[in-house]
1. By the scheme Lys and Arg +1, Asp and Glu -1, what is the net charge of all other residues having a beta-carbon under 10 Å from that of His310?
2. So for the chain: antiparallel DSSP bridges make up what percent, rounded to the nearest 5?
3. Find the lysine pairs in the chain meeting two conditions, Cα atoms under 26 Å apart and a separation of 8 or more places or different chains, and report how many there are.
4. I need the calculated FRET efficiency for the pair Asn222 and Thr157, taking r as the beta carbon distance and R₀ as 25 Å, to the nearest 0.05.
5. Within region 509-579, report the GluC sites (Glu not before Pro) that DSSP leaves as loop and that have at most 14 other Cβ atoms within 10 Å.
6. When all alpha-carbon pairs of region 29-182 are counted, what percent fall beyond 26 Å?
7. Starting with the highest mean, order 185-192, 228-235 by the number of other Cβ atoms within 10 Å, averaged over the residues of each peptide.
8. For region 112-233, what is the accessible area per residue in Å², given a 1.4 Å probe and the full set of protein chains?
Amino acid sequence: MKKHQWFIGLLVAVICLSGSWTPASARQGFYNEAPMLAERVANGELPPVDSRMPVNPMIVQPVEQVGVYGGTLEIPVADVMTTARPSRFIGYEQLLRWDAQWLRVVPNLAQSVESSDDATTYTFKLREGVRWSDGELFTADDVLFWYEAVLLNPELTSRPPNWVSTEGVPATVEKLDDLTVKFQFTKPNSFFLRDLANVIGSAPTAYPQHYLAQFHPAYNPNVNDLVTAEGVADWLTLFKAKASADNMERPSLGAWIIVERGETIVAERNPYYWKIDTDFNQLPYIDRIVFVAVASIEEYETVMNNGAAHITFDNEFDGFSVYEANVTDVDNITLISSNSSSAALGLNLTHPDPVLREAFQNKDFRIALSYAINRQRLNDEVYAGQSEPYQIAPRPESPYYDEQLAHQYTEFNADLANSILDDLGYDQRGEDGFRVAPTGAPLAFKLQSTSDTGRLYETIVRVAEDWQAVGVNATVEVFVGDKEEDYTNLLFAGAHDSYISEAVGGLDVILEVSYYFPVHPFGSFYASGWGYWYRDPSNEVAVEPPAAVQEQMRLYNLIKETIDPDAQAELMTQILTLAGQEFLVIGTVLDPNSAMLISGNLRNVPPSIPSAFSYPTPAPTNPAQYYIDPQN
């Protein structure tokens, strides 16, 4: 076994300086706590802070300095019923987590992990004495409950998710003792630790057994009595409702717990939160977070100018831009996009129409279309000059950045595009003035979208104009409202003309490879037949990809089989080299960064933060160490 030393260095230093780490139950006056909790202790409502803390709490290094307790943080959102913001602030407490820079996986509820050389076995040591928000201990039994009661239950989990299975076979999870859990895979799975740090890896620490077991028939033979009392259809409905994050009764491991859901969402500090700062102050610093719904720029201005501490995201609201608002005393935090190209133009390379399939699979045809795009116009008219021409490639902030890959074929050159198309045999025109295939068949296709507004739509409208200007009959087709299902059906049947979306993989390059080669039939709709082949060559809709793409797939499988980061990086570089050579998807412009606006009195917020689904912004920065400066 190879032990990954993911212990917190500061914690080790404290242990060395003190000579030993005294169990929490034997300590007095070791930790500091918020005044609102000290008052509850004095009133006999809570045990002393020293007995509420684990044996080895996680120490968080403040971004600027040790903070002060108190205050309310308000976060304007477009819709409190659908927003994901609460989970991004209070729900990211998993076995492992990303560091703030999104460079490595670090300990969280697991204080350490050992992994086997063949990437099949992972053994986690949990922090001793961590408690749920109701004071009950978090132990290996909670992880095992998720595994046995949820993952292995076909009524709750129809098929095991990829992150915890290999070739459809779920990992075996075994409790070795109260604080030790082992995951055993049938095949190498080197992505497992990364996946545990992603939002998809939240499940093992989201099911408190002591609370949820009563709603599961395998643990409570009288569960139907509760079904009747709750007035629901069956135990399955009851269990899902009780396990949901919307259930305020469900114990939590987060820094704040939701105490009110309605026109606003209110979360107050968790008295059993298990993280401290470098001065042994129990986190969080901020007493409560309030998520406030705003529907107009006027409502936004009112909330932001009420004198309270605030955080808002400039991409939260569709109806207006926060930059239009008359708001004072705010600072901009850069949110670094994790996307590559803001609009990836994926022509269906496995199209059932032989005319379109022959054209789309021709690399020179795709190169000609790329040269025909006026990306500077896109940047000026759609992206307010905030971007630059860019293909499907890692972002400049990524260690995988490659100048050639990022900028090949991005020059606007309609003459060159016309010349390439002529040389390919598309030099003849029909009565409508558009090019026809060498066989004389019409060459016409749709740039398809499920939106008729926004940057993506505005981009494809201009791209269609550019391609029509070189004689290619590309038109825009939107599927909105009741028609969205029609497009979904086309996608799953592989009968669509195009799949256009933001391209992931700009920062999380190894985990999000779907635009570099078709790793999945659904994440790579530009070649879903090839994606099916990668997953299962025997699938009736699978299409065997060309040799270069098969080589990418082989290299990616090797990445999954090694835990050596240097070896993984070398293999990924080879995949990217082939991606540049094959040029499967046409990029447009680099996805611009956005911003998180914070009030001038909010401290310990990093000046820049990655923004991605895999990195649940801003959770990895530990919002528990944000504080409100009473002097500002």
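1. Its environment carries a net charge of -2.
2. 70 percent
3. Counting lysine pairs in the chain gives 26.
4. Given R0 = 25 Å and the Cβ-Cβ separation, E is 0.55.
5. Sites meeting the loop and neighbour criteria: Glu540.
6. Roughly 44 percent, once rounded to a whole number.
7. Going from most to least packed, we get 185-192, 228-235.
8. 42 Å²
The values are calculated or read from the model by the stated rules, or taken from the named source; none is laboratory data. Model, not experiment: these values are computed from the prediction. We place every Cβ from the backbone using ideal geometry, glycine too, and count neighbours over all the protein chains shown. The area values use the complete protein model at the heavy-atom level, side chains included, leaving out ligands, DNA and RNA. Shrake-Rupley method; radii C 1.70, N 1.55, O 1.52, S 1.80 Å.
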